[in-house]
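The values are calculated or read from the model by the stated rules, or taken from the named source; none is laboratory data. As the structure is a prediction and not an experimental result, all values here were calculated from the model. Note that we place each Cβ from the backbone using ideal geometry, even for glycine, and neighbour counts take in every protein chain shown. Quick note on the areas: whole protein, heavy atoms, side chains included, nothing else; ligands and nucleic acids left out. Shrake-Rupley method; radii C 1.70, N 1.55, O 1.52, S 1.80 Å.
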Amino acid sequence: MEIRQLLEIGNKKLTGVEFVDPIKESIFILSKVLDVDKSFVYINFDKWVNEKQTEKFLEIIDRRALGEPISYIFNTKEFMGIDFFVEKGVLIPRWETEILVEYIIDYIEKNFKDEDINLLDIGIGSGAISLSIAKNCKNVEVLGIDISNRAISVSNKNLDRLALDNVSFRKSNLFESIKSDERFSIIVSNPPYIKTEVIKDLQRDVKEFEPSLALDGGMDGLLFYRKISKDSKNYLLDKGMLIYEIGFDQGKSVKKIMSDEGFKDVKVIKDLQGLDRIVLGFKK
Ligand SMILES: C[S@@+](CC[C@H](N)C(=O)[O-])C[C@H]1O[C@@H](n2cnc3c(N)ncnc32)[C@H](O)[C@@H]1O
């Protein structure tokens, strides 16, 4: 078939799919299938596409029409300028989380320039937070933990690709596998924080394709903030920082949870849209 015909089919099949720009995505998918730049597709509408590539294109368009995220289809998501391998079963890293990572990198550069420190990342998913920090801060030894086997294997795959020697991953239900003598200057988490009852109302590509283990924050969405704030004090060094990504409406609640647990200088940081996005505080 010609490129033009394939784009027409793609456009038709994707029209009406939630949060999909049918033409833009058809062009993107075809460029990936043909392994060419998008500009090649734009200027070669009459070019013939072979049978194998046509089949591949149509198969991907059908998956996309059913709501499957593009990052799962192509097994890749860019985060902090790094191409992460992702697959169904791990959360696709979000751009909002780059704010958290950038804040931590800046904090490390300002406070631990000539010092080696340990950092714990709770709930690693694809390893996006752990690996971005480790890549940018060579003086930091990162331990990333997750309860999910899939998250551990995907993160290890990303670690192999980046060939960093200052990161390790360990399977752990919260702090269960952290040894009693392990201590950290920074504990970070982007935990599951969606209220259980809200998950069914999320957009289709999230609720049907992303793991509920990565989303479900319990009845009020705050389960993990409570547990981590309570137990992290046993593993933070004095003056160590606990820092979270939060949902836009959780700033006040998470600040209270941390303050009630005795953290000091607790503050909420907003994202570029002016929404609450990070809460952090320090062990006394
Ligand atoms: C919102 S995702 C964050 C993933 C990744 N850090 C990111 O920002 O893209 C939360 C992660 O927490 C993990 N998780 C859920 N319950 C956990 C538990 N009890 N102990 C450790 N990790 C858990 C999930 O498997 C998931 O990978």
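Details
- Residue in segment 191-206 that is touching a Gly at 6+ places or on another chain (Cβ under 7 Å), under 19 Å from Pro69 (Cβ atoms) and at pLDDT 95 or above present: yes
- Pairs with Cβ under 6 Å, 6+ apart, first in segment 131-155 and farther than 17 Å from Pro191 by Cα, second part of a strand (DSSP E or B) and open to solvent by 30 Å² or more (accessible area, probe 1.4 Å): Glu141/Asn118
- Selection within segment 109-141 - touching a Cys at 6+ places or on another chain (Cβ under 9 Å), over 17 Å from Glu245 (Cα atoms) and not in a loop (DSSP other than H, G, I, E, B): Glu109, Ile117
- Matching residues, segment 95-115, being over 18 Å from Phe184 (Cα atoms), in contact with a helix residue (DSSP H, G or I) (Cβ under 9 Å, 6 or more places away or on another chain) and in contact (Cβ under 8 Å) with a residue 40 or more places away in the chain: Thr97
- Condition met for Asp181 (in the same structural domain as Val268 (by TED's automatic domain parsing), out of contact with any strand residue (DSSP E or B) (no Cβ under 8 Å at 6 or more places or on another chain), under 18 Å from Leu280 (Cβ atoms) and away from the ligand (no atom under 15 Å from the Cβ)): no
- Scanning segment 92-108 for residues that are open to solvent by 40 Å² or more (accessible area, probe 1.4 Å) and part of a loop (DSSP other than H, G, I, E, B) gives Arg94, Trp95.
- All positions within segment 142-177 that are within 11 Å of the ligand (Cβ to nearest atom) and assigned to a loop (DSSP other than H, G, I, E, B): Ile147, Ser148, Ser172, Asn173, Leu174, Phe175, Glu176, Ser177
- Filtering segment 155-193 to residues that are of a type in the set (A, V, I, L, M) and open to solvent by 40 Å² or more (accessible area, probe 1.4 Å) leaves Leu162, Ala163.
- Each residue in segment 235-261 was checked for being open to solvent by 10 Å² or more (accessible area, probe 1.4 Å) and either under 23 Å from Phe112 (Cβ atoms) or in contact with a His (Cβ under 9 Å, 6 or more places away or on another chain) (or both), and 4 pass.
- Qualifying residue in segment 37-47 (condition: away from the ligand (no atom under 15 Å from the Cβ), open to solvent by less than 60 Å² (accessible area, probe 1.4 Å) and touching a residue at least 40 places away in the same chain (Cβ under 8 Å)): yes
- Sole residue being at pLDDT 95 or above, over 18 Å from Ile108 (Cα atoms), in the same structural domain as Glu176 (by TED's automatic domain parsing) and in contact with an Asp or Glu (Cβ under 8 Å, 6 or more places away or on another chain), chosen from Lys255, Lys270, Lys227, Lys264: Lys270
- Per-region count, segment 245-266, residues in contact with a helix residue (DSSP H, G or I) (Cβ under 8 Å, 6 or more places away or on another chain) and under 16 Å from Asn190 (Cα atoms): 7
- Every condition in (1) without any contact (Cβ under 8 Å) to a residue 12 or more places away in the chain; (2) over 29 Å from Gly125 (Cβ atoms); (3) open to solvent by less than 60 Å² (accessible area, probe 1.4 Å) is met by Glu55 except one, and the failing one is (3).
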